[in-house]
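Each remark here refers to the structure printed beneath this line.
The values are calculated or read from the model by the stated rules, or taken from the named source; none is laboratory data. On a predicted model such as this, the values are computed, not experimentally measured, just so you know. Glycine also receives a Cβ, built like all others from the backbone with ideal geometry; neighbour counts cover every protein chain displayed. The area values use the complete protein model at the heavy-atom level, side chains included, leaving out ligands, DNA and RNA. Shrake-Rupley method; radii C 1.70, N 1.55, O 1.52, S 1.80 Å.
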Number of protein chains: 4
Amino acid sequence: MSNPNPLALIVGAGSGLSASLARKCAAAGMRVALAARHVGKLDALVAETHARAFPCDVGDPLQVETLFGEIDPPDFVVYNPSYRVRGPFLQLDPAEVQKTLMITAYGGFLVAQATLKRMLPRGHGALFFTGASASVKGFAESAPFAMAKFALRGLAQSLAREFGPKNIHVAHFVIDGGIGRAGDPRAAARGADGMLDPDAIAETYLATYRQHRSAWAFEVDLRPWVEKF
Amino acid sequence: MSNPNPLALIVGAGSGLSASLARKCAAAGMRVALAARHVGKLDALVAETHARAFPCDVGDPLQVETLFGEIDPPDFVVYNPSYRVRGPFLQLDPAEVQKTLMITAYGGFLVAQATLKRMLPRGHGALFFTGASASVKGFAESAPFAMAKFALRGLAQSLAREFGPKNIHVAHFVIDGGIGRAGDPRAAARGADGMLDPDAIAETYLATYRQHRSAWAFEVDLRPWVEKF
Amino acid sequence: MSNPNPLALIVGAGSGLSASLARKCAAAGMRVALAARHVGKLDALVAETHARAFPCDVGDPLQVETLFGEIDPPDFVVYNPSYRVRGPFLQLDPAEVQKTLMITAYGGFLVAQATLKRMLPRGHGALFFTGASASVKGFAESAPFAMAKFALRGLAQSLAREFGPKNIHVAHFVIDGGIGRAGDPRAAARGADGMLDPDAIAETYLATYRQHRSAWAFEVDLRPWVEKF
Amino acid sequence: MSNPNPLALIVGAGSGLSASLARKCAAAGMRVALAARHVGKLDALVAETHARAFPCDVGDPLQVETLFGEIDPPDFVVYNPSYRVRGPFLQLDPAEVQKTLMITAYGGFLVAQATLKRMLPRGHGALFFTGASASVKGFAESAPFAMAKFALRGLAQSLAREFGPKNIHVAHFVIDGGIGRAGDPRAAARGADGMLDPDAIAETYLATYRQHRSAWAFEVDLRPWVEKF
């Protein structure tokens with residue numbers, strides 16, 4: 001990437017992973033744009049990373065277009081948003097299932113299309129998708145998330161095949177475990193480093209972003225050392 | 001299945017596979033219900049199989065509930081509907097992509113929920129999903145179909161894990177090739193038996209339906225002998 | 001298959017699945033040949049199925065050639081042999097690991113080559129491989145079996161791609177659970193039909209053998225309704 | 001890794017990837033040991049990286065034990081050896097198929113066992129395996145390589161599950177394309193960066209080696225941007 005001051009767009013910016021990505025991108029000299037449904041709680045991160053934050057409901061085509069209209073063409077886009085409903089299948093609310101599909105998968109399509117429209121004319125870029133255990137395994141009582149994360153993986157595969165040869169690096173990450181910092185109380189029962197530290201995940205995203213195009217990764221699975229799989 | 005006169009519901013009844021399934025179910029002594037967006041062209045099949053036909057847009061929760069309200073609880077349900085838009089990714093119409101997801105994947109959720117609500121109290125049943133090559137491979141210029149078929153597979157996996165131990169046989173079929181009868185002009189270039197004959201596919205669905213529960217298949221891939229894969 | 005009196009060769013004939021296959025093939029009017037390391041205990045099965053039994057160490061090229069020299073060209077061959085050593089990885093005996101590879105995987109190669117040499121000139125046939133959970137998932141403390149069953153699956157995939165278009169049906173079955181008849185004491189804790197009944201597995205093999213070549217299955221996974229996966 | 005001067009052992013050291021790994025490990029301050037069937041041609045690499053080179057036929061348990069007896073306990077081991085025979089299946093020499101299994105897969109077992117015996121008491125380490133397209137897809141006319149590379153992947157999966165929770169990082173890389181430097185004549189038809197540059201592959205291995213254990217990758221697939229998949 002010869003761009004002297006590339007722009008990273010982190011979508012779904014309310015998560016711990018997004019914050020880690022924003023910090024690492026900023027530390028690497030990139031400009032950072034953050035998109036989230038609610039930007040109010042991003043103030044500290046914005047200040048820390050000199051980022052700009054934009055409100056965006058990723059399931060709405062107009063809001064996605066508006067977002068991209070307000071920023072420069074991005075060099076690096078990460079799609080993190082996910083919404084899910086779970087529980088016994090017969091009790092699932094169809095409207096919540098649809099919302100799961102719209103935010104977790106269809107939003108990925110919308111952001112991908114807006115991203116690639118801007119990367120293609122410039123001839124380079126990277127578009128990464130954040131998956132989960134549910135991307136490759138449909139668990140009981142979690143059909144909606146499996147549907148949406150499987151769909152996002154299908155999208156990423158298709159885009160890698162279409163846009164790889166156009167010099168756009170498309171990659172998909174299977175985050176196979178809970179995300180939490182060392183002090184996260186949920187991690188206590190798992191022992192040291194039993195949850196995926198968002199900084200550690202972000203480190204691998206950045207290393208993948210820096211890969212030479214002669215050896216691009218499409219898929220990387222990440223899990224804590226103690227995770228069953 | 002000890003039910004003396006089981007009911008088979010074939011959803012997405014306008015396809016050649018659905019017609020073959022209807023005939024085989026009828027020949028096996030089952031009552032047959034057909035659901036399709038447009039039932040007008042089903043007259044001949046209805047007459048031949050003594051089926052009942054119901055109009056249903058599978059992406060609409062109300063229409064799916066109406067459908068199930070008009071039929072007896074089914075013993076065997078096959079979900080075949082698929083809609084797709086394809087072409088260069090940047091030219092895809094977002095509304096068409098959403099429609100692809102709604103009919104091919106979300107409709108599967110709606111039909112599954114209505115089906116399982118009725119199978120679970122009766123303690124048995126079979127729910128099969130028809131996939132495609134795109135269920136396991138995201139092809140270039142076909143992201144929407146990959147998204148939807150990946151999602152449907154995730155749904156099927158999740159349901160198999162949740163409802164198998166409740167004596168409901170959930171299975172997913174990867175139809176890896178074009179479907180067409182021997183005389184189909186598209187098959188000419190492929191040579192003899194170069195497209196999947198819908199009767200041959202239906203034969204495997206019925207054999208899977210008849211499996212003893214000690215050895216249920218979850219996933220079967222079917223392709224013509226000459227198909228590249 | 002127009003052959004009036006086809007020959008089925010069941011390799012690894014000492015298992016319950018092989019016995020079920022032999023009975024179903026005989027009941028379907030096929031001649032049956034059985035190959036096993038030790039044929040002494042096959043007397044009852046031989047009598048019941050009018051089969052012929054041949055001693056064969058499948059890991060030995062000469063013994064495999066001898067076997068095929070003593071029988072007519074087979075129409076249907078099933079490769080069942082498996083040997084395994086398991087336990088903490090550091091305690092595994094390398095000689096036992098090599099034996100696991102030789103019998104479970106290399107024997108599959110030898111039998112496949114001898115089989116296909118005879119099927120190819122006749123222009124038809126079916127060659128099926130029996131896999132296990134370990135064919136698609138490498139479990140802790142079971143590396144040798146995973147190595148061998150993964151290898152057998154790789155062999156089957158390669159053969160399906162090379163010989164499908166030559167009218168030879170190659171298929172691979174993932175038997176995902178313990179095999180045992182209803183009265184098997186190991187099944188007690190699992191409840192009714194909690195182990196794969198060998199007759200039920202064999203039923204699916206025969207249904208797959210009878211598939212029309214326009215819709216051949218390559219891979220089928222089979223598990224008991226209550227099995228976790 | 002707090003070890004001040006870790007030892008990297010590169011097995012199968014005659015390949016371009018091994019040379020790149022040796023250089024990157026040396027540049028990162030590691031001591032380097034090289035093992036290869038023939039060490040004669042390693043002189044330049046040994047001089048450049050201050051490595052020690054050891055002759056070793058990896059399919060021979062005694063030679064593998066001898067190798068590990070001559071070096072300190074390694075912190076980082078990469079298994080690269082592969083041997084293959086290919087061509088029409090019926091023309092394959094069984095002895096060559098066995099050799100393919102022994103070097104590509106069984107050698108991986110032997111090296112893994114020797115490695116883990118030494119890493120486990122020290123409580124840390126990384127063991128990486130180099131796979132290929134054939135690790136996940138069995139191509140026509142290439143059954144032996146598919147068998148061996150599938151087997152190696154099964155080994156790696158099993159080891160990751162057994163030794164991850166013991167603080168040993170086991171990873172498997174699917175190298176999906178031809179390896180060659182920019183000037184490689186085989187790359188001419190593929191255009192710029194059309195083959196995997198071994199330095200680029202090695203870069204990802206090193207980044208994976210440096211991952212924090214809260215987010216370890218098990219599998220990474222790498223291919224050139226223009227590669228079909």
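Details
- In the range A:1-29, the residues that are open to solvent by 70 Å² or more (accessible area, probe 1.4 Å) and under 21 Å from A:Asp197 (Cα atoms): A:Arg23, A:Ala27
- Filtered residue count, the range A:204-228, keeping only those that are within 7 Å of chain D (Cβ to nearest Cβ) and not aliphatic (A, V, I, L, M): 12
- Which numbered condition B:Asp60 fails, given (1) at pLDDT 95 or above; (2) more than 24 Å from B:Pro144 (Cα to Cα): (2)
- Index of the failed condition, B:Phe128 passing every other in (1) outside any strand (DSSP E or B); (2) touching a residue at least 24 places away in the same chain (Cβ under 8 Å): (1)
- Test: D:Gly138 is at the interface with chain C (Cβ under 10 Å from one of its Cβ atoms), in contact with a Leu (Cβ under 8 Å, 6 or more places away or on another chain) and either assigned to a loop (DSSP other than H, G, I, E, B) or of a type in the set (Val, Ile, Thr) (or both): yes
- Filtering the range D:197-210 to residues that are open to solvent by 60 Å² or more (accessible area, probe 1.4 Å) and in a loop (DSSP other than H, G, I, E, B) leaves only D:Arg210.
- Criterion applied to A:Gly125, A:Gly138, A:Gly131, A:Gly178 was being in contact with a His (Cβ under 6 Å, 6 or more places away or on another chain) and not acidic (Asp, Glu), and the one residue passing it is A:Gly131.
- Subset of the range D:20-60 [of a type outside the set (D, E, K, R) and in contact (Cβ under 8 Å) with a residue 60 or more places away in the chain]: D:Ser20, D:Leu21, D:Cys25, D:Ala28
- Residues being in a helix (DSSP H, G or I), open to solvent by 30 Å² or more (accessible area, probe 1.4 Å) and either facing chain A (nearest Cβ under 7 Å) or of a type in the set (Lys, Arg) (or both) - total across the range B:145-196: 5
- Search result, residues across the range D:161-196 that are touching a residue at least 40 places away in the same chain (Cβ under 8 Å) and among the acidic types (Asp, Glu): D:Asp176
- Condition broken by C:Ser158, with the remaining ones in (1) under 30 Å from C:Asp72 (Cβ atoms); (2) of a type in the set (S, T, N, Q); (3) touching a residue at least 24 places away in the same chain (Cβ under 8 Å) satisfied: (3)
- Strands (runs of 3 or more DSSP E) contained in the range A:30-116 and holding at least 2 residues within 14 Å of chain B (Cβ to nearest Cβ) and open to solvent by 50 Å² or more (accessible area, probe 1.4 Å): none
- Those residues of the range C:117-135 which are surrounded by 21 or more Cβ atoms within 10 Å (Cβ to Cβ) and at the interface with chain D (Cβ under 8 Å from one of its Cβ atoms), in sequence order: C:Ala134
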